[in-house]
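In what follows, a single structure is set out as structure tokens and then discussed.
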Amino acid sequence: MKTFRQADMTIEEAASTFAALGSEQRLAVLGTLVRAGPDGLSIGQLGEKSGVTGSTLTHHMRVLSQAGLVSQVRQGRSIICAAVEYGRVGALSAYLLRECCADCDDAEGHNHD
């Protein structure tokens, strides 16, 4: 798995990743995988827990996977939807914050806590 650094994400990659998150159902699927942790869930468990099933789940997993947010691994007869690609999510957050307050008059004393 590639580890993303803050400077690695371009505006095009960020836009594509945000577009993949532009669905309530995809956010529900991603949130379910975040809660499941690094072991992930089988496709059946993911559908049951997220409320998204069948071909709709398959479609949403494909979009999230193409955006580099999740992965799927075949284990025997099951497909395990792996936990979130945390490096990619971190890079997305870093992209949003890397120039935080750059145009503010008092950016040095600014803090988000």
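The values are calculated or read from the model by the stated rules, or taken from the named source; none is laboratory data. All figures in this text were calculated on a predicted structure; none of them were measured in a lab. Note that we place each Cβ from the backbone using ideal geometry, even for glycine, and neighbour counts take in every protein chain shown. Heavy atoms of the whole protein, side chains included, go into the accessibility calculation; ligands, DNA and RNA do not. Shrake-Rupley method; radii C 1.70, N 1.55, O 1.52, S 1.80 Å.
For Val73, Val84, what's the largest-to-smallest order of accessible area, 1.4 Å probe?
So the residues, ranked largest to smallest area, are Val73, Val84.
Order Ile80, Ile11, Ile43, most accessible first, counting only protein heavy atoms with a 1.4 angstrom probe.
Ile11, Ile43, Ile80
Under 5 Å between amide H atoms, partner at least 5 residues away or on a different chain: which partners does Ile80 have, H built in plane at 1.01 Å?
Val73, Arg74, Gln75
Can you find, among Gln25, Cys100, Thr58, the residue farthest towards the positive end of the dipole of the chain? Put +1 on the C-beta of Lys and Arg, -1 on that of Asp and Glu.
The Cα lying farthest towards the positive end belongs to Thr58.
On a full-extension model of 0.36 nm per residue, what is the gain between Val73 and Gln45, subtracting their alpha-carbon distance, rounded to one decimal in nm?
Gain on stretching Val73 to Gln45: 8.6 nm.
For the chain, what does -39500 (n - 2.57) per DSSP helix run (n ≥ 4), summed and divided by total residues, give at 222 nm, in deg cm²/dmol to the nearest 500?
Taking each H run of at least 4 residues, the total per residue is -15000 deg cm²/dmol.
Over the chain, with every protein chain in place, what whole percent of the accessible area is carbon and sulfur at 1.4 Å, could you tell me?
That share works out to 50 percent.
Express in Å², to the nearest 10, the accessible area of Thr56 obtained by rolling a 1.4 Å probe over the protein heavy atoms while all chains stay in place.
Per-residue accessible area (Thr56): approximately 60 Å².
5 Å is the cut-off here: which amide hydrogens, built 1.01 Å from N in the peptide plane, fall below it relative to Cys101, excluding neighbours closer than 5 in sequence?
none
Rg and Dmax of the chain, using alpha carbons, in Å: what are they?
Rg, Dmax (Cα atoms, Å): 16.4, 59.
Where does the charge balance sit around Ala14 when Lys and Arg score +1, Asp and Glu -1, over other residues with C-beta under 13 Å from its C-beta?
So the environment of Ala14 carries a net charge of -2.
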